[in-house]
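Notes follow once the structure below has been shown.
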Amino acid sequence: MSVEALPTHEVILTDVAAQKVRSLLEQEGRDDLRLRVSVSPGGCSGLIYSLYFDERLLDGDAVRDFGGVEVVVDRMSVPYLNGATIDFSDTIEKQGFTIDNPNATGSCACGESFH
């Protein structure tokens, strides 16, 4: 299945986040992995995000390329994530990937889940 034949999504990966993903992939020594972003039930507000590397493309996956970094979203997660921005913070207060999601109507106090 070619990437061109797959549906696309409206998730945005910032340049800083794309650079961090590239760096992590280089550390792994892999060029066959994509960043998969999904939403699943859980957390105290009902839904939680998952970000992980995946070599698979599943039926219904939506794919978007950011300068050689492919971001994959499964069919069920697309409506929850369209318009979301994935960034990477590296400050003294916080280090890691962040998701700014306009579809989230609220989140828990710890910020790990949303609804």
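The values are calculated or read from the model by the stated rules, or taken from the named source; none is laboratory data. Here the structure is a predicted model, which is why all the values come from computation and not from measurement. Glycine also receives a Cβ, built like all others from the backbone with ideal geometry; neighbour counts cover every protein chain displayed. Side chains are part of the model used for accessible areas, which takes the heavy atoms of the whole protein and leaves out ligands, DNA and RNA. Shrake-Rupley method; radii C 1.70, N 1.55, O 1.52, S 1.80 Å.
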query: Residues of the range 74-91 being of a type in the set (A, V, I, L, M) and not in a strand (DSSP E or B), which ones?
result: MET76, VAL78, LEU81, ALA84
message: Every residue in the range 45-70 that is closer than 13 Å to PRO7 by Cβ and aliphatic (A, V, I, L, M), please.
response: LEU57, LEU58, ALA62, VAL63
query: How many residues are part of a loop (DSSP other than H, G, I, E, B) and open to solvent by 30 Å² or more (accessible area, probe 1.4 Å) if we restrict to the range 36-73?
result: 10
Residue tally, condition modelled with pLDDT under 75 and open to solvent by less than 60 Å² (accessible area, probe 1.4 Å), over the range 84-115: 5
- prompt: Is one or more of the residues making up the range 2-14 over 15 Å from PHE97 (Cα atoms), modelled with pLDDT of 85 or more and in a loop (DSSP other than H, G, I, E, B)?
  reply: yes
